[in-house]
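Okay, so here's the structure we're looking at.
The values are calculated or read from the model by the stated rules, or taken from the named source; none is laboratory data. Here the structure is a predicted model, which means the values were calculated and not measured. In this analysis, Cβ positions are derived from the backbone assuming ideal geometry, glycine residues included, and neighbour counts consider all displayed protein chains. Areas reflect the complete protein model, heavy atoms only, side chains present, ligands, DNA and RNA absent. Shrake-Rupley method; radii C 1.70, N 1.55, O 1.52, S 1.80 Å.
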Amino acid sequence: QVQLVESGGCLVQPGGSLRLSCAASGSIFSFYSMTWYRQALGKQREFVASVMVTGPTNYADSVKGRFTISGDNAKNTLYLQMNSLKPDDTAVYYCNGGRDGALYWGQGTQVTVSS
């Protein structure tokens, strides 16, 4: 059974940094792509960043230059490094992975950016 578990969310001040983790139950290279999404209270879930198993990454315009997606296959973990955080980045962050025609989601981790 495929499981994805996010962690690392917390309260951080504007301008601060945070790294989110998404631990997979198996090799992250078994997913053809892995993606971070976020959902703010009262808003629709939105794309944040993705990485293909072949390497290319993609970012939402709102996070480009501030967030970095990466993976460590030895630890079966996907990361999202978030710098220069803004209050608008406040949301529940989810990771997903695509494998064998299915999408698997984690349960989410809350990030709150506030002074």
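For the chain, a Gaussian network of Cα nodes joined below 10 Å ranks 80, 20, 41 by mean-square fluctuation, and the top entry is 41.
For residue 32, the accessible area of its heavy atoms, probed at 1.4 Å with every protein chain present, is near 110 square angstrom. For the chain, the solvent-accessible area works out to 53 Å² per residue, with a probe of 1.4 Å and every protein chain left in place.
Here the mean projected area of the convex hull built on the C-alpha positions of the chain is 6.8 nm². The lysines within cross-link reach of residue 43, meaning a Cα-to-Cα straight distance under 27 Å and a gap of 8 or more places when in the same chain, are 64, 86. For the chain, relative contact order (Cα pairs under 8 Å, six or more residues apart, normalised by length) works out to 37 percent.
Can you pull the percent of the chain's accessible area that's carbon plus sulfur, 1.4 Å probe, other chains left in place? Answer for the chain: carbon and sulfur cover 49 percent of the accessible area. The distance from the alpha carbon centre of the range 12-29 to that of the range 74-88 is 4 Å, rounded to a whole number. Rounded to the nearest 20 debye, the dipole magnitude of the chain is 100 debye, with +1 charges on Lys and Arg beta carbons, -1 on Asp and Glu beta carbons, and the Cα centre as origin.
Annotation: residue 86 carries an accessible surface of approximately 100 Å², with a 1.4 Å probe and no ligand, DNA or RNA atoms counted.
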